Amino acid sequence: MTNATLATLLLACSLWPTAPGPLAVAAGQAPAADAHVINGVVRDASGSAVAGASVVVRAASGAERPAVSGADGAFSVTVHSTEDMLLIVRAPGFSEARQTVRPANDPTRVEVVLVPATLSETVTVTALRSEVRAGDVPASVTIVDNQSVRESAAIVADDVLRQVPTFSLFRRTSSLASHPTTQGVSLRGIGPSGVSRTLVLFDDIPFNDPFGGWVYWTRVPLESTERIEVVDGPSSSLYGNYAMGGVINIVSSPATRRQLDLRAQYGNHNTPKLDAAFGDLWRRVAVVANVSALDTDGFPIVAETERGRVDNNASVQYGNTSVKVDYQATDHVHTFLRAGYFHENRDNGKASTIDGTEEANRTRWTSASGGVRVGMPDSSELRATFFTDVENFRSNFLAVPPTNPPRSLGRMTLNQEVPVDAFGTNAQYSRAFGRHFISGGADWRWVDGDSNEDTLDAVTGTRVTLHRVSGGTQRIMGAYVQDLYQPMSRMTLTLSDRVDSWKNYDGHNLETAVVPGVPTNNVPSLPSRSDTVNSPRLAALYRFNGTVSAWAGAGWGFRAPTLNELYRQFRVGTTLTLANNGLGPERLFGYEGGTTVTPGKNLTLRGTLFANRLEDPVSNVTIATNGAAVTQQRQNLGQTRVRGVQADAEYRIRGAWRVMGGYVFNRATVTDNPRDPTLVGNFLPQVPEHRGSARLAYSDPAHGTAAISVLFVGAQFDDDRNTISRRLPGYTVLDLMLARNVQRNLELFFSVQNMLDREYLVGTLPTTIGTPRLISGGVRLRFN
């Protein structure tokens, strides 16, 4: 193939020739007399081996012979020719390297040095569900590479991702101090809430909570993260549910020979943290185990001027372990199996003044996944995966009624336990046909869960007055097809479409009053609900020359309501929010376009315009008030519009220095609300108009690493009525990261988040604040 994009895709799908040619040697046979061996090693600029690099030797006729570098970076290719050939080497995070080799010099020995890739050269597997250079994708793609992760002062994944301006959680606060149900991720401010409008993947396996859609960012093993790919814009045409607002894929690092990566650190607020990865390779088997753990005394989250007897520190303790086994059954068949266990305990910053019970939550999560990747003789590829989750979530809720002095009285109102079982599977087939690269697949997901609740008395909060069991089952299945077509060398067209069918069934709501012990509102069989949704997308990219390219796209997205929205109620203070088993799907139509300019090898500039219309968003609607008591219910209501512009840039200076930054202007407003027309024109709560970030970093193995980062977040409203008293001002924070190699395998580091200890507001009623200054230092050991 003469086109770079299709060549990359073909290489990803086929690691062997389709028929014997001038480069081929039959498997299991000794090389013929005229065979020549090309030996080499792949290294990075520091001299370290690059494992898993894709190596291709291409003859003038176009015939190719591929290989993959080993744990020591070495590779070997046998060819049947003495003519000069082209050696092409690619690896994630690095620019493609090309050089001429001469097999006549037998054995030929070469050394390939890879340099970090620019934004447009980095390979992404998420945007098109195939391996393609980011610069060839007609979509907005941001890649947070391993170097950026290591340069960050953050100790949890969501704080790393905040450097991507389009990324935000429902609240401004870090997952270090926020309830899990508020950790839903939003890209470009699409439908911010505790439920994600963005699909999060871990090595292409769904990572969102199966019951509620939020994300446990503490489950991400940062030390073993190779890169994080962020795709803005509707992606339901390929991924279906949750991908309405985009996709985030966390890609883990592969195992290496005799691997030990250990990072141990300690910070203020009595915060020890450990991250470790252990791995090894035995012929066709690779094993890697990850362990991460953190324990912190935490910090207050209510502003000092409003703290009362109920308030204390928000703290978290978690542990996460996983083991992955990769098996290369043959040169054409690769399989993997992963199992993991996660536990998290949180105190949410307040406690009952009656019996001292902490408002807290606890999560226990066991997961497993596996898959196979098969290369066919016709250069096509088949992938299949499965995953399963068994989770138990417990939480209680504290009411803080109006008192004098304020916040001097707190009582428990609700105890809740949510057991969840989930299972899913996916299969995809892909093949190139001339100028077309066709891929298609199907997936299926099943989730079953209940919300078991004990309502407590309204005087002391110590006695159960009502027991409630509400839940059901959800099944979603879909099929998709995509065509990546290049009608000319400078143009790429992508056309994808997906049909999803979802169904909620076996719904029930069983309520029993403890006294006198009789049912009060029993509905053993709630009505089932089903729907079918179509999500097409069309996009095009045109390369004017080697410096400028432009793209545009339009597509639909959807999100089915979660079991949490359908069946789980919750209470915050005096506000009760009811579930609604009659909810339908949210729909989004979006269009976007952008330009990429690379005026030099080390400089990349990108700009994007976007507009999204969200219909029938799930909103909390007030249906009754009784004094200070408020009752709300989740409902499909109205229409919102989110539009804006985003820009980012990266500049590498002499290899060791890197400057990068990004900015997004986001105008998110209500355009229709039949129940309350006064809200039309208002800004969506929790969406600032302005977000930006920048980083200056220096990294050199001989001297160390230094990085300073700045994050700016503009003003936003805390409520849908845009009340001036509930407007949260903008803020700016600085982070610092320093690291120094003291021996070949030993690094010391020091980091500071929110270096100036800036106090910024997260919420109102009461006034809550974000993460204070966090200081941490430690060591990193690396052996392989």
Considering just Cα atoms, how many Å³ per residue does the convex hull of the stretch 286-400 enclose? 134 Å³
Using only Cα atoms, tell me the angle between helix 4-13 and the longest principal axis of the chain; keep it within 0 to 90° and round to the nearest 10. 80 degrees
Just how large is the dipole of the chain about the Cα centre, in debye to the nearest 20, putting +1 at every Lys and Arg Cβ and -1 at every Asp and Glu Cβ? 1000 debye
Provide the per-residue ³J(HN,Hα) series for the stretch 513-523, in order, calculated from phi with Karplus coefficients 6.51, -1.76, 1.60 and θ = phi - 60°, each as a whole number of Hz, with x at glycine and proline positions. 6, 4, 10, x, x, 10, x, 10, 8, 8, 10
Can you list residues whose amide H is under 5 Å from residue 531's amide H, if they're 5+ apart or on another chain and H is modeled 1.01 Å from N? 502
Could you tell me what percent of the accessible area of the chain is made up of carbon and sulfur, with a 1.4 Å probe and every protein chain present? 57 percent
Loop chymotrypsin sites (Phe, Trp or Tyr not before Pro), the stretch 526-571 (other Cβ atoms within 10 Å of the site Cβ: 14 or fewer; DSSP): 544
Find the Cα radius of gyration of the chain, compare it with 2.2 N^0.38 Å by division, and give the number to two decimals. 0.98
Name the residue from 68, 552, 292 whose Cα lies farthest towards the positive end of the charge dipole of the chain, charges +1 on Cβ of Lys and Arg and -1 on Cβ of Asp and Glu. 552
Just in the stretch 615-660: which trypsin sites (Lys or Arg not before Pro) are loop by DSSP and have at most 14 other Cβ atoms within 10 Å? 654
Table column - 3J(HN,Hα) (Hz), the stretch 156-170, Karplus curve with 6.51, -1.76, 1.60, x for Gly and Pro: 10, 5, 5, 6, 5, 6, 5, 6, 8, x, 7, 8, 7, 8, 4
Keeping all protein chains in place, calculate the accessible area per residue for the stretch 660-719 (probe 1.4 angstrom), answer in Å². 40 Å²
Express the C-alpha Rg of the stretch 194-334 as a ratio against the empirical globular expectation 2.2 N^0.38 Å, rounded to two decimals. 1.33
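Give me the percent relative contact order of the chain, please, defined on Cα pairs under 8 angstrom at least 6 residues apart.
9 percent
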Taking the alpha-carbon centroid of each part, what is the distance from the stretch 671-704 to the stretch 313-378 in angstrom? 28 Å
At 20 °C in a medium of viscosity 1.002 mPa s, the stretch 126-229 has a Stokes-Einstein diffusion coefficient, with Rh taken as the Kirkwood radius over alpha carbon pairs, in µm² per second, of 150 µm²/s
For the stretch 469-573: accessible area per residue (Å², 1.4 Å): 42 Å²
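With the cut-off at 19 Å, report for the stretch 668-721 the share of all Cα pairs above it, as a whole percent.
Percent of Cα pairs beyond 19 Å in the stretch 668-721: 53.
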Put 503, 324 in order of accessible area, largest first, 1.4 Å probe: what do you get? 503, 324
How much area per residue is accessible in the stretch 77-211 when the probe is 1.4 Å and only protein heavy atoms are counted (Å²)? 26 Å²
Quick check: the distance between the Cα centres of the stretch 505-555 and the stretch 390-412, to the nearest angstrom? 30 Å
Compute the signed sum of charges (Lys and Arg +1, Asp and Glu -1) over the other residues within less than 14 Å, Cβ to Cβ, of residue 513. -2
Straight-line reach from residue 324: which lysines fall under 23 Å, measuring Cα to Cα and dropping same-chain residues less than 8 apart? 273
Mind jotting down the distance between the C-alpha centroids of the stretch 171-186 and the stretch 614-661, whole Å? 13 Å
With θ set to phi - 60° and the Karplus curve 6.51 cos²θ - 1.76 cosθ + 1.60, what are the ³J(HN,Hα) couplings of the stretch 744-761 in order, to the nearest whole Hz, using x for Gly and Pro? 4, 10, 10, 10, 9, 9, 8, 9, 9, 9, 6, 4, 8, 6, 6, 8, 10, 8
Counting sequence-distant residues (5 or more places) and residues on other chains, those with an amide H built under 5 Å from that of residue 579 are 569
State which stretch of the chain is the longest one without any exposed GluC sites (Glu not before Pro), exposure meaning a DSSP loop state and at most 14 other Cβ atoms within 10 Å. 84-758
Debye, to nearest 20: dipole size of the stretch 301-454, +1 on Lys, Arg Cβ, -1 on Asp, Glu Cβ: 400 debye
Computed over the stretch 272-377: relative contact order in percent, which uses C-alpha pairs under 8 Å that are six or more apart: 23 percent
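The values are calculated or read from the model by the stated rules, or taken from the named source; none is laboratory data. Because the structure is predicted, anything quoted here is derived from the model rather than measured. Counting neighbours? That spans all protein chains shown, and the Cβs are built from the backbone with ideal geometry, glycine included. Heads up: the accessible areas ignore ligands, DNA and RNA and are worked out on the full protein's heavy atoms, side chains in. Shrake-Rupley method; radii C 1.70, N 1.55, O 1.52, S 1.80 Å.
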